[in-house]
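Worksheet: the structure to be examined is printed underneath.
Read the figures in this text as sums done on the coordinates, not as results from a lab. What you see is a predicted model, and the numbers here were worked out from it, not measured in a lab. Cβ sites come from the backbone with ideal geometry, for glycine too, and all protein chains shown count toward neighbours.
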Amino acid sequence: MFRATIVAALLLLPALNSSAQETVTRGKNLSVDIAADGRVAISLVGDIWIVPRSGGEASRATNGGPKASRPKWSPDALQIAFHSNADGAHSIWVYDLAAQRARKLSSDGSFDMQPAWHPDQERIVYARDKTGHGFDLWETDLPTGLHWRLTHRPGDETEPAWSADGRDLVFVHHEEERWSLVLRRRGQPDETLVSTTDRLSAPAWRPDGSLVTYLRDIGTATSIEMVILSEPRLVRTYADNEDFEEAPVSWLDRHAMIYAVDGRIRQRLFNSWSSSPLLFRARLEAPARVAPVNNERRALPRIDEPPGRLIIHAGRLYDGLGSAYQPARDIVIDGGRITAVEAHRERPGELVIDMGDLVVMPGYVDARADLDNAVDENFGPLLLTTGVTTLVADSPEAERLNTLWSSKELPGPRVLADNGQLSEESGAMADSMTPGLPGLLQSRQAGLIGVPASIPRRFAEQPSIAVGMTSMVLASRGNGLRPGLALQAELLALTAAGLKPVQALRAAGVNAAAALGVDPFLGRIAVGAVADLVFVDGDPLVEISDAARIVAVVRNGRFFSAAGLIDRAKVGKTVE
């Protein structure tokens, strides 16, 4: 079984340094393509490598340029088109083997992927999402650099492939729960060859044009199927019981083909019942030793904490650790710290805030936020209305804002400097296609914080999280939204990718605190923890979108209503 996107980027990863030579014989997410002369191009550790037809020593073609995947040989075997996701920008490149130089074909901020050559070798067809809400097929003319659109259906059109004579185009169409394999013959209406709720991908033409192979994923297994282009059309399973990589079969001629299985190359004759390995060796610079993760305990300075005692009566309390609410609990706060969490009782003469049946939870922690466009100090109260009480940012303003936003006059989240405790691979999962995002963007907080004119699409399909990978850390930098909204979008993305709401909340709570070295002070409601709390009108352990329904917060031991925070942001001073 293959996955559209397997997300592990938010896990803590060790830093690597020093290097030594290592030989590898398989690759992660391997994609292969065979040239007319029999050489095989493979994508391996971010570069394109070339393997002889008989296998053996692989030579690196690209070297240290844009991160490369999905290689496709030109018909004359002198160039290789590939997809690159460098710095979050998905684009199409062409590598010239003679000049040993790559040039970028994509010219704007669109999401471009899956290049395929036209047989005249002057054009490349590819999938492009220009608006952030759907892929269409586009084509570019290499001599002139002109681009034009070939399809414009609802949903996504992806995985284009031209027939060997350049007359017919096949592609995959995905709309809602339906997947279709579509054939476009010159001068004729589009024909749907296969339509199913199973995921389809990676179509490829047999060189004689007699059939098209493709991958079908039924959820528990993947198979290579084929549409025989007879009259009537015939759909047959060609191969199964192998762990196929999500990449097209590549044909040398009408009899011989290669494809990738579990990180290795397999070769097969069309009329054969079995495949055989095409072995390769790639020598690369690999990390020789692993530097330990910087897990030193981070100090949380106590800044401008209020005097006296405050009692929060929680009708329903989620402490950040368990999986259910605790009823009728009192949270005792002295200064800026929690000193007791106990059963509710009458407390004559003490200051008690009773918020009825609202859920009281730990304030949210964004382990990597983007403050570049949000350093106005009056932005702090608005951030608190989203429930974010701590964020980590690579900003020269971090220390100043942390001091300022710890005050009564202009409250805001705790701001911690980014000291590299998270891997550089850590990043956002939300994009323009995240389920539930339109509702978030229509919220009151979005109206106050501001929504960009466009939000980038960063994944071809909804990301998924591997089974058992639950210790995620929420980091929002890179999803295109301003802080606060960015964290709420990530909560939506985490649950859409497979986490339960409680697991997503831990990603923005105890998991983030542990990764940043600030546990047990953040991400939980417990004795000794900082008094950063959020009051939620809803049931966030069941419906994660309710995590954005913030009625009030306690920040640094002080209580603020959402309405009061909005007023503070408007006037930039205390409102009596």
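Summary of computed values
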| quantity | calculated |
| --- | --- |
| Length added when fully stretched, ASN63-ARG347, from 0.36 nm per residue minus Cα-Cα | 95.3 nm |
| Whole-Å semi-axes of the stretch 64-199's equivalent ellipsoid (Cα gyration tensor) | 25, 18, 13 |
| Euclidean distance between Cα centres, the stretch 237-275 to the stretch 46-105, Å | 21 Å |
| 0 to 90° range, to nearest 10: angle between helix 485-496 axis and the chain longest Cα axis | 60 degrees |
| Scattering curve values for the stretch 307-436, log₁₀ I(q)/I(0), Debye with Cα scatterers, q = 0.17, 0.18, 0.22 Å⁻¹ | -1.05, -1.11, -1.28 |
| All-pairs alpha carbon distance profile, the stretch 384-424, 5 Å steps from 0, percent | 6, 24, 29, 23, 12, 5, 1, 0 |
| Per residue convex hull volume, Cα atoms of the stretch 309-571, in Å³ | 116 Å³ |
| Globularity ratio of the stretch 526-565, using Cα Rg and 2.2 N^0.38 Å | 1.26 |
| 222 nm mean residue ellipticity, helices alone, for the chain (DSSP H n ≥ 4; -39,500 (n - 2.57); rounded to 500) | -2500 deg cm²/dmol |
| Cα pair distances exceeding 34 angstrom across the stretch 22-283, given as percent | 12 percent |
| Equivalent ellipsoid dimensions for the chain as semi-axes, Å, which come from the Cα gyration tensor, largest first | 52, 24, 22 |
| Peptides ranked, highest mean first, by Cβ atoms within 10 Å: ranges 142-149, 453-460 | 453-460, 142-149 |
| Partners for LYS408 among lysines (Cα-Cα distance below 16 Å; same-chain residues under 8 apart left out) | LYS570, LYS573 |
| Point-to-point label distance, THR197-ARG167, nm (Cα→Cβ direction, 7 Å offset) | 3.8 nm |
| Pairwise label distance in nanometres, GLN121 with THR23, each label 7 Å out on the Cα-Cβ vector | 3.4 nm |
| Potential lengthening between ALA324 and TRP148 on full extension [0.36 nm per residue; Cα-Cα distance subtracted] | 58.0 nm |
| Karplus-derived 3J(HN,Hα), 6.51/-1.76/1.60, for each residue of the stretch 260-276, Hz, glycine and proline x | 9, 9, 6, x, 10, 9, 10, 10, 7, 8, 4, 8, 8, 8, 9, 10, 9 |
| Where only C-alpha atoms are counted, convex hull volume of the stretch 146-195 per residue in Å³ | 91 Å³ |
| Rounded FRET efficiency, nearest 0.05, which uses the C-beta distance separating ASP253 from LEU78 and R0 of 30 Å | 0.95 |
| Stretchable slack from THR220 to ARG178, in nm (0.36 nm times residue separation minus alpha-carbon distance) | 13.3 nm |
| Protection proxy ranking of 266-277, 517-528 - average other beta-carbon atoms within 10 Å, highest first | 517-528, 266-277 |
| Under 21 Å from LYS104, Cα to Cα: lysines that are on another chain or at least 8 residues apart | LYS67, LYS72, LYS130 |
| Segments 37-46, 93-102, 348-357 sorted - mean Cβ within 10 Å per residue, highest first | 37-46, 93-102, 348-357 |
| Pair LEU279, LEU234: separation of 7 Å Cα→Cβ label points (nm) | 3.8 nm |
